[in-house]
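The values are calculated or read from the model by the stated rules, or taken from the named source; none is laboratory data. It should be emphasised that the depicted structure is a prediction, and the values quoted were computed from it without experimental measurement. Reconstructed Cβ throughout: ideal geometry from the backbone, glycine too, with neighbour counts over all protein chains shown. Note: accessible area is taken over every heavy atom of the protein model, side chains too, but ligands, DNA and RNA are not part of it. Shrake-Rupley method; radii C 1.70, N 1.55, O 1.52, S 1.80 Å.
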Amino acid sequence: MLPPHCVSCGEPVTIQGQLCLDCFRLTGFITEPCCVRCGVPFASAAQGGPDQLCPSCRDAPPAFDRARAALRYDAQARRLLLPFKHADRTEIARTLVPHMARAGAALLRQADILVPVPLHRRRLFLRRYNQAALLARSLAHVARKPVLPDALVRTRATVSLGAKSAAERAGEVAGAFAVRASRVARLAGRRVLLIDDVMTSGATANACALVLKQAGASGVDVLVAARVPDPRLS
């Protein structure tokens, strides 16, 4: 019954869930050129070399096959993602999903099933919702694909990864995920699209991709709302 407002700044808009013109202009959408493996944006195509890979993927290929993101994780993206993640602003999923569907169109077409990155049960109890699962359900509806929200479990709580290096992140999440035994048959031979809100180093996506492939998934791609740019490529 209230008039629609921009989910970022509160200015009036035409349709609820839209960004106003100023916020849209400030939003850093990721488009090509980007790493063909992890999706990190390049400042120019020359940065990727002939194989269009970033230094990290060239030196240590990730466990997942491909990753794509809708937005650069910058100040404007944080205005959307932090309230979505921590302040019960679940309606922001409606704003993020169309941009994710654009960025990951090829991944969605080729996916057999969508799986969100899980929260540990204690964090889920405190937050009351898993933001990755909300995104996965909406994307599955848009793409008309099945979603398996409980395929993965986080077997132990992990500390915040915000201030950690890439190596520390990988160590923190190693062994922290498992495929639910009752879901293994649903994943066997399927191409899985893993859904999350933000990717930084890719450590969480890697840990999830490893257990999904060990459970029999034929491939694992990753689609996130936002990607932290590599400072070496700016």
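Listing for the model above:
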| read-out | value |
| --- | --- |
| Most fluctuating residue given options VAL224, VAL198, VAL211, as computed from a GNM of the chain linking Cα atoms under 10 Å | VAL211 |
| Using a Förster distance of 22 Å, the FRET efficiency for PHE29-ARG58 (Cβ separation, nearest 0.05) | 0.30 |
| Portion, in percent, of the accessible area of the chain that falls on carbon or sulfur, probe 1.4 Å | 56 percent |
| DSSP bridge pairs, the chain: antiparallel proportion in percent, nearest 5 | 25 percent |
| Computed E for HIS141/THR14 - FRET, C-beta separation, R0 25 angstrom, nearest 0.05 | 0.65 |
| Inter-label distance, nm, simple model (7 Å from Cα along the C-beta direction), ALA166/LEU21 | 4.1 nm |
| Rounded accessible area per residue of the chain, 1.4 Å, Å² | 49 Å² |
| Amide H contacts under 5 Å for ASN130, placed H, 5+ residues apart | none |
| Separation in nanometres of the label points that stand 7 Å from Cα toward Cβ, at VAL36 and ALA157 | 4.4 nm |
| Built amide H within the under 5 Å cut-off of LEU152, gap 5+ | ARG180 |
| Within the range 1-142: Cβ-based charge dipole about Cα centre, in debye rounded to nearest 20 (Lys, Arg +1; Asp, Glu -1) | 540 debye |
| Cα→Cβ-extended label distance, 7 Å offset, between ASP88 and ASP150, nm | 2.5 nm |
| Mean Cα-pair separation over length for the range 1-124, i.e. relative contact order, pairs under 8 Å, 6 or more apart, % | 21 percent |
| Relative contact order for the range 32-92, counting Cα pairs under 8 Å that sit 6 or more residues apart, in percent | 26 percent |
| Per-residue ³J(HN,Hα) for the range 47-59, Karplus 6.51 cos²θ - 1.76 cosθ + 1.60, θ = phi - 60°, Hz, x for Gly and Pro | 5, x, x, x, 8, 6, 10, 6, x, 5, 6, 6, 7 |
| Max mean-square fluctuation residue, GNM over the chain, Cα-Cα springs under 10 Å, options ASP22, ASP197, ASP150 | ASP22 |
| Proportion of all alpha-carbon pairs of the chain beyond 28 Å (%) | 28 percent |
| Relative packing of 70-77, 47-54, which averages over residues the other C-beta atoms within 10 Å, highest first | 70-77, 47-54 |
| Label point 7 Å beyond Cα of LEU124 along Cβ direction - residues of the range 130-171 with amide nitrogen under 15 Å | 130-137, 148-158 |
| Among VAL36, THR95, VAL115 - extreme Cα towards positive end, dipole of the chain, charges at beta-carbon | VAL115 |
| HIS120 - accessible surface, heavy atoms, 1.4 Å probe, Å² rounded to 10 | 10 Å² |
| Estimated Rh, the range 150-234: Kirkwood, alpha-carbon pairs, angstrom | 13.7 Å |
| For the chain, built as a Gaussian network whose Cα springs stay under 10 Å, the top-fluctuating residue of SER56, SER44, SER182 | SER182 |
| Relative contact order computed over the chain (Cα-Cα under 8 Å; 6+ residues apart), in percent | 23 percent |
